[in-house]
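So the structure is just underneath, and the comments pick up after that.
The values are calculated or read from the model by the stated rules, or taken from the named source; none is laboratory data. These numbers come from a predicted model, not from an experiment. Cβ: placed from backbone, ideal geometry, glycine included. Neighbour counts: every protein chain shown. With ligands, DNA and RNA removed, areas are computed over all heavy atoms of the protein, side chains included. Shrake-Rupley method; radii C 1.70, N 1.55, O 1.52, S 1.80 Å.
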Amino acid sequence: MTSLALDSAAQDLLFHEAHTARAFTDEPVTDEQVAAVYDLIKLAPTAYNSSPLRITLIRSAEAKQRLLRHVASGNQRQTAEAPVTAILSADLHFHERLPELFPAVPTLKDDAFGDAEARARQAQLNATLQIGYFVLGVRAAGLAAGPMSGFDAAGVDKEFFGDGRQRSLVLVNIGRPAESAFAPRQPRLAAEEAVSSL
């Protein structure tokens with residue numbers, strides 16, 4: 001008997017029936033849909049409530065062409081076809097918002113995150129946690145997500161974040177899945193292969 005609190009329909013929507021999408025219909029993804037996804041996932045855990053994830057939506061033909069120059073050839077078709085592609089990046093200056101986001105320790109901004117290298121590591125780690133939630137949020141909205149790491153991150157950063165404040169981590173194509181969107185499910189490790197107790 002399962003010990004999950006989610007009902008079977010929610011389990012299917014978020015996990016069992018969800019796949020990485022590689023083809024999309026031309027139905028638009030609205031700003032309201034993306035805002036609803038963000039409102040759902042903004043409560044993801046991050047150290048000191050730092051919330052370093054930044055989401056840049058690429059919609060226009062001109063912006064898509066700028067992005068496609070930096071996308072691996074095997075990922076270009078689905079990126080071109082997706083109604084919207086989100087550049088998920090880490091804000092390397094997230095610490096500037098800590099007095100607002102973590103007011104319990106007013107000096108945290110400088111005490112813990114004054115060093116740029118350490119701050120960049122924390123930004124990437126915590127934004128990556130948020131990215132997992134973002135993919136689930138897209139699924140919860142009834143949309144399909146196609147997360148990709150096959151792109152030139154340095155090129156994307158220069159193209160879209162010239163001020164050096166953000167570091168791109170993942171691209172996610174978002175939309176309604178086309179009939180050919182999903183490849184067959186590949187095997188996964190069983191719990192006894194991946195989980196151990198000490």
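List of remarks:
- Solvent accessible area, Å² - T128, 1.4 Å probe, full protein context: 70
- Accessible surface of the stretch 102-158 [probe 1.4 Å, protein heavy atoms]: carbon and sulfur percent: 58
- Global form of the stretch 97-156, assessed from the alpha-carbon gyration tensor, a/c cut-off 1.5: oblate
- Within straight-line cross-link reach of K64, lysines at Cα separation under 16 Å, skipping those fewer than 8 residues along the same chain: K158
- Between Q33 and R165, the distance separating the two model label sites (each 7 Å from Cα on the Cα→Cβ line) works out to 2.8 nm.
- Dipole magnitude (debye, nearest 20) for the stretch 115-172, charges at Cβ of Lys, Arg, Asp, Glu: 200
- Dipole orientation for the stretch 46-198: of the candidates A190, I58, Q122, I58 has the Cα lying most toward the positive pole (charges on Cβ; Lys, Arg +1; Asp, Glu -1).
- Carbon/sulfur fraction of accessible area - the stretch 4-57, other protein chains in place, 1.4 Å, %: 58
- Cross-link reach is defined here as a Cα-Cα straight distance under 16 Å, omitting same-chain residues fewer than 8 places apart; for K109 the aspartates and glutamates meeting it are D91, E96, E100, E117.
- Subtracting the Cα-Cα distance of E192 and S149 from 0.36 nm times their residue separation leaves 12.6 nm of extension gain.
- For the stretch 1-103: rounded, prolate or oblate by the Cα gyration tensor [a/c cutoff 1.5]: oblate
- q = 0.10, 0.18, 0.19 Å⁻¹: log10 I(q)/I(0) that the Debye formula gives for the stretch 39-198, counting C-alpha atoms only: -0.44, -1.13, -1.20
- The modelled label-to-label distance between V105 and Q76, using points 7 Å beyond Cα along the C-beta direction, is 4.7 nm.
- Its Cα centre serving as origin, the stretch 72-130 has a Cβ charge dipole (Lys and Arg +1, Asp and Glu -1) of approximately 220 debye.
- Å² per residue, accessible surface of the stretch 1-139 at 1.4 Å: 55
- Gap separating the Cα centres of the stretch 161-187 and the stretch 78-98, nearest whole Å: 11
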